[in-house]
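For reference, the structure discussed in these notes is given below.
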Amino acid sequence: MAYYLSLDSGGTKVAAILYDENLSPLRFARVGSMRETTVDPKLIERHADDLIEQLGIQEGMVIEKLAGASYSDVVFKEKLRKLCTIKQNFCTGEYEVGMYAAGIFHGGILALSGTGSDVFGKYGENNKYNALVGGYGSLVSDEGSGYWMARMACEYAIRDFEGRGEKTMLTELIPQQMKKESLRSALISVYSLPNTAPTTAVASLSRTIDTAALAGDAVALRIIDAAAKAMADQTLVLFKQYDFPIEVPITISGSAWKSPGMFEKFEKRLKEYNENLNITLPEFEPIMGPIIKDYYDKYGKFDEEAKEKFRREYSDYLFKIKK
């Protein structure tokens, strides 16, 4: 049996799938982030060991290909190389895996909104033309990201808590998620949570926005609208300033898009600019990108038969959003 490994390394987690030559899954794994700028070195070591254990990697194993969005996971890769042989390394970035997960193989635009955010596009022969908008990191901006949304949620909740802003469910939901008695104790705790980086802890609070939005909370709905606008405005820069052709396909990637109504608001704003924009909603999670690309390289297509195979064998990796 031949072994292949797909990685998706991000600001809050690292996911991996070990699969065989038939592109069928063997092992699924998920651990916390290994990003060196936000995670304690000892925790990175633990996450790397846990990932190897979950994948069932044994000493002497031969991995035909390692692929996916892989960065800030140096420790894991070093441990992996000591244990086994990696014949090919096709680790790239989030752009490639996100596009492949949407069935786009020859250039396009990816609007990424996960823990961080950016919009990147390529087009032309051999993807000659490319441009990046956003992507400045959580300390500076990351406008439209899950972390950015969670920061807004905290600010609105603080204003309500202190009696200087409008009422919002977020003021109660944030302490509930953090298992604290008050908003102040909940927010202060993000600086000292065991095995969790402050950036990760704050970003996780974006889940409270989804809960509040589904209950009709005006503040939560406004945050989602602001994020959708930020991502759409950044995407439109590629057309307005970089002269991307209207027909270049646009897709999305990242967990923040799962906030209720965010994609629809993003799509509406783009269509207001030009109703002919080619916007595609991915059917699979980004980690499926390398596996889908393998199928495309092997068969020269990614048709309904292929999609049905992956829906059946990777049912937990469908990209689902709340409308």
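The values are calculated or read from the model by the stated rules, or taken from the named source; none is laboratory data. All of these numbers come straight from a predicted model, not from anything done at the bench. Methodologically, a virtual Cβ is constructed for each residue, glycine included, from the backbone with ideal geometry; neighbour enumeration extends over all protein chains shown. Just the protein is used for accessible areas: all its heavy atoms, side chains included, with ligands, DNA and RNA removed. Shrake-Rupley method; radii C 1.70, N 1.55, O 1.52, S 1.80 Å.
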field: residue 226 surrounded by fewer than 21 Cβ atoms within 10 Å (Cβ to Cβ) and under 17 Å from residue 263 (Cβ atoms)
entry: yes
- request: Name the single residue, out of those in the range 229-249 being β-branched (Val, Ile, Thr) and not in a helix (DSSP H, G or I), that is surrounded by the fewest Cβ atoms within 10 Å (Cβ to Cβ).
  value: 246
task: Considering (1) in contact with a helix residue (DSSP H, G or I) (Cβ under 6 Å, 6 or more places away or on another chain); (2) of a type outside the set (Phe, Trp, Tyr); (3) buried (at least 18 other Cβ atoms within 10 Å of the Cβ), say which one residue 279 fails and leave the rest.
output: (3)
query: Within the range 214-223, which residues are open to solvent by 50 Å² or more (accessible area, probe 1.4 Å) and either charged (D, E, K, R) or closer than 14 Å to residue 273 by Cα (or both)?
result: 222
- prompt: Restricting attention to the range 82-119, which residues are assigned to a strand (DSSP E or B), buried (at least 24 other Cβ atoms within 10 Å of the Cβ) and of a type outside the set (Val, Ile, Thr)?
  reply: 110, 111, 112, 113, 117, 118
task: Please specify each residue of the range 286-323 satisfying the condition of being of a type in the set (Ser, Thr, Tyr), part of a helix (DSSP H, G or I) and surrounded by 14 or more Cβ atoms within 10 Å (Cβ to Cβ).
output: 295, 296, 317
message: Based on this model, can you work out whether residue 211 counts as polar (S, T, N, Q), open to solvent by 10 Å² or more (accessible area, probe 1.4 Å) and assigned to a loop (DSSP other than H, G, I, E, B)?
response: no
